Every structure is written in structure tokens, then in C-alpha cells.
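Enquirer: First, the structure itself, so that you have it in front of you.
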Amino acid sequence: MKKVLFISSKGGHFSELMRLSPLFDEYQTTIVTEEVPFASELRERFGEHIYFLREGTRVKPLSYAFKLLANTLSSFRLFLRLKPEVIVSTGAHTAGPLCLIGHLLGARIVFIETAANVHTPSATGKAVYRFADVFIVQHEEMLEVFPRALYRGALIP
Amino acid sequence: MVDKAKGAGLITSEVIAQSGCTTYEPQNEDFTLEPFVGQTRYQELINQAELVITHGGLSSIADSINAHKRTLVVPRRQHFDEHQNDHQLEIMEKYAHEGYIVACGETDDFAEALATAHSYTPRPYQSTSSSVLKLVRAVIDDAPLPAGTLTGSGAQTPVPPSKGTAD
């Protein structure tokens, strides 16, 4: 079975990632997200197949920089351990380093731009679009922002 | 705003609000605050509601329109330091335009929006997430894309992106 890593930040991005859960059993799946309040439930459900990174937000730039560095190192170690063939991400910044690392080390990168933005690209989306193998948008309007993206509908609602 | 509306008789049913970290105390009767609600209680409340009033985060709107509830969206705004960006307006505008929700923008009158929200018939939302699943599966498997997949050029059978440096 193909090794697929599904990664997202917490919150809405994670809800969108979980909409992909019917696919999890079809692959050798690992899930990566940020520490969430319900982490223990997720550990129960996914066991050793789920990893948690430190959360980061651009509201506090300095601590964000440190967390980004820590996450980049964790992402690198994680990638080397898991060696996924495909990385599927619903964003946001926390997922960025692993997408880039994966791309540089030969993984196929599938990025799904959030359904929360209808006309405005996300920062991570803009960055990952440059190198993603497949870029998926969830609003037809977003095809104007990302011309080589694919559109087939929305995971949320 | 909701409390005032309740006081003014614009809302006659019971109001239950998830108050989170706010210290607000409702002035009116029949108005309950629950600081945080668990998933089960949340779903219960949505199912019981005649009207759902929300800030406009996609998750909240999604839960409401998936339950086919009347939804009034009053978005947070960046210049009030309420949220990081104004993208919530984009979702609100799109779904209002498509008839799923009623929007109350900054310049709209809350009482009017409330009245509209109480009486409009929401367009039933049809989920397309299974279509997206099929697309993601095809992409992971490197299989042909599902029919109807659109790309930026308008083509229905998109060309895979080239990895060449000419890009």
C-alpha cells in the first residue's frame, strides 16, 4: 500500500483533513497535526499513526519564528522516519515545512487550499503552489488565482 | 446585539449562546450562556434551533447549513481586532448570494437582518465532498482524473503541471 502522509494545522484545516478520512484505510496512512485539546481521542483512534507538531500563529512573530524552526526540524525527522510517497495537506503554515521537505526529497505533494477562502489565496497556499505536484482548490473562483489547480467541489460544508 | 434584540422583542424564542471567554452577562430572560459546548451538546443545539446566529467561521456556517437551518452570519472584522483577516467576509458573501445564509454586514441593520433570517427559506446545501474525495484518491493513485474536474484554463481534462525549469 502506498505510504501517504496527511498533514494539517488544527481547527478548520484539520476538519477539512478529516473529511478525507474515508481514504485513510486505502493507504499506509500517517496523520500529522498540531497539539489539539482532543489529542487523546485522536491517539485512541489512530494510535501510532498520528503525530503532533507545535502550533504556531503569525500573531506573535517572535515565538512563531522559534516554533517554525522547531517544526521544520521535527518535520525533517518525521519525513526521514516515515518516508511517505505522497503528502496530502489542507494547510496552513505548520504544514508548510513538511510539504517543502517532502518535495525536495522526492515525495508527491498534493495541497488542498482551504475552503474558507473564496477569492484570497492563503499564505501557505501561495508558497506551496510553486512546487506542489497537484494543487486543489475548493471554490471555482480560486481557479483564477491558481490557474493550474484542480476543482471538483468542497470538503466543507 | 442579540441580547438587545431579545429585549426589544425581536427574538421571541429562547436564546442559547456559546460565550467562550467573554465576560458578558445577558440582560434578558430566556437567554443562557454556555461557555464551551461539547460536540454532542453542540449538535443537539443546532438540531433544536429555529435560527443559528454565527460569526462566520466556515465550520459554524457549515454545521448550520448542513443541518438545513436558517443561518444569520455576523462576521468578525479585522479592524476591530477581532480576527486575523477578512476572509470570513468572502464566505459570507458567497453563501448569502447563493441563498444558504442571511448576512449582516457592517453597514447592515441587525434588526432587519434578524427579521429576514427568521423568515427566509434556506436553499438546501448539497455536499460535494465525495467528489473531492474521488479527486484526491485519483491524484494519490496517479490515476485518470474524474470527469468534470475543472482547471484554470476551463478545460475538463487538465494537463498535469510540468516540473521543468521553464515554468
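Enquirer: I want to confirm something. Restricting to the stretch A:26-37 and keeping residues that are within 14 Å of chain B (Cβ to nearest Cβ) and surrounded by 13 or more Cβ atoms within 10 Å (Cβ to Cβ), which single residue is farthest from A:Lys83 (Cα to Cα)?
Expert: Let us first name the residues in the stretch A:26-37 that are within 14 Å of chain B (Cβ to nearest Cβ), namely A:26-30, A:36-37.
Now drop any that are not surrounded by 13 or more Cβ atoms within 10 Å (Cβ to Cβ), which leaves A:26-30, A:36.
Numbers: A:Glu26: 17, A:Tyr27: 14, A:Gln28: 11, A:Thr29: 11, A:Thr30: 11, A:Val36: 25 Å.
In this case the residue turns out to be A:Val36.
Enquirer: Tell me the residue from A:Val137, A:Val88 that is closer than 19 Å to A:Phe24 by Cα and in contact with a helix residue (DSSP H, G or I) (Cβ under 7 Å, 6 or more places away or on another chain), please. So that I can check it myself, show each step before the final result.
Expert: Details: A:Val137 fails: closer than 19 Å to A:Phe24 by Cα.
Matching residue, one of A:Val137, A:Val88: A:Val88.
Enquirer: Further question: So, B:Leu58, is that one more than 14 Å from every other protein chain (Cβ to nearest Cβ), closer than 25 Å to A:His13 by Cβ and either in contact (Cβ under 8 Å) with a residue 24 or more places away in the chain or in contact with a Pro (Cβ under 7 Å, 6 or more places away or on another chain) (or both) or not? Show your work before the answer.
Expert: Working: more than 14 Å from every other protein chain (Cβ to nearest Cβ): no; closer than 25 Å to A:His13 by Cβ: yes; either in contact (Cβ under 8 Å) with a residue 24 or more places away in the chain or in contact with a Pro (Cβ under 7 Å, 6 or more places away or on another chain) (or both): yes.
No, not satisfied.
Enquirer: Going by the structure shown, is A:Thr114 in a helix (DSSP H, G or I) and either crowded, with 24+ Cβ neighbours inside 10 Å or within 8 Å of chain B (Cβ to nearest Cβ) (or both)? Give the derivation first.
Expert: Numbers: in a helix (DSSP H, G or I): no; either crowded, with 24+ Cβ neighbours inside 10 Å or within 8 Å of chain B (Cβ to nearest Cβ) (or both): yes.
No.
Enquirer: Has the stretch A:130-151 got any residue that is in contact with a Gly (Cβ under 7 Å, 6 or more places away or on another chain), more than 8 Å from chain B (Cβ to nearest Cβ) and modelled with pLDDT of 95 or more?
Expert: no
Enquirer: Residues that are in contact with a strand residue (DSSP E or B) (Cβ under 7 Å, 6 or more places away or on another chain) and under 25 Å from B:Asp141 (Cβ atoms): does the stretch A:38-47 have at least one? Full working, then the answer.
Expert: Of the stretch A:38-47, the ones in contact with a strand residue (DSSP E or B) (Cβ under 7 Å, 6 or more places away or on another chain) are A:39, A:42-43, A:46.
Pick out the ones that are also under 25 Å from B:Asp141 (Cβ atoms) and you get A:46.
So far as the stretch A:38-47 goes, yes, one or more of its residues are in contact with a strand residue (DSSP E or B) (Cβ under 7 Å, 6 or more places away or on another chain) and under 25 Å from B:Asp141 (Cβ atoms).
Enquirer: If you take the residues of the stretch B:42-96 that are assigned to a strand (DSSP E or B) and touching a Ser or Thr at 6+ places or on another chain (Cβ under 7 Å), which of them is modelled with the lowest pLDDT? Step through it out loud before you land on a result.
Expert: Let us first name the residues in the stretch B:42-96 that are assigned to a strand (DSSP E or B), namely B:51-54, B:70-73.
Add one more test, that the residue is touching a Ser or Thr at 6+ places or on another chain (Cβ under 7 Å), and what stays is B:52, B:54, B:71, B:73.
Working: B:Val52: 93, B:Thr54: 89, B:Thr71: 95, B:Val73: 93.
That would be B:Thr54.
Enquirer: I've got another one for you. Mind listing just one residue for me: the one in the stretch A:1-14 that is in a loop (DSSP other than H, G, I, E, B) and touching a residue at least 24 places away in the same chain (Cβ under 8 Å) and, of those, surrounded by the fewest Cβ atoms within 10 Å (Cβ to Cβ)? It would help to see each step written out before you state the result.
Expert: Taking the stretch A:1-14 as the starting set, the residues that turn out to be in a loop (DSSP other than H, G, I, E, B) are A:1-2, A:8-11.
Restricting the remaining residues to those that are touching a residue at least 24 places away in the same chain (Cβ under 8 Å) gives A:1-2, A:8-10.
Details: A:Met1: 9, A:Lys2: 14, A:Ser8: 26, A:Ser9: 26, A:Lys10: 20.
Among them, the one singled out is A:Met1.
Enquirer: Quick one: in the stretch A:123-138, of everything that is in contact (Cβ under 8 Å) with a residue 24 or more places away in the chain and surrounded by fewer than 21 Cβ atoms within 10 Å (Cβ to Cβ), which residue is farthest from B:Asp142 (Cα to Cα)?
Expert: First, the residues of the stretch A:123-138 that are in contact (Cβ under 8 Å) with a residue 24 or more places away in the chain: A:123-125, A:127-128, A:131-138.
Narrowing further to those that are surrounded by fewer than 21 Cβ atoms within 10 Å (Cβ to Cβ): A:123, A:127, A:131, A:133.
Working: A:Ala123: 27, A:Ala127: 23, A:Phe131: 17, A:Asp133: 11 Å.
Residue satisfying both the conditions and the ranking: A:Ala123.
Enquirer: Taking into account only those residues within the stretch A:15-25 that are surrounded by fewer than 23 Cβ atoms within 10 Å (Cβ to Cβ) and more than 9 Å from chain B (Cβ to nearest Cβ), which is farthest from A:Pro157 (Cα to Cα)? Working first, answer last.
Expert: Of the stretch A:15-25, the ones surrounded by fewer than 23 Cβ atoms within 10 Å (Cβ to Cβ) are A:15, A:18-19, A:21-25.
This time we only want the ones that are more than 9 Å from chain B (Cβ to nearest Cβ), so: A:18, A:21, A:24-25.
Numbers: A:Met18: 12, A:Ser21: 15, A:Phe24: 20, A:Asp25: 23 Å.
Top of the filtered list is A:Asp25.
The values are calculated or read from the model by the stated rules, or taken from the named source; none is laboratory data. This one's a predicted model, so the numbers in the text were calculated from it and none came from an experiment. In this analysis, Cβ positions are derived from the backbone assuming ideal geometry, glycine residues included, and neighbour counts consider all displayed protein chains.
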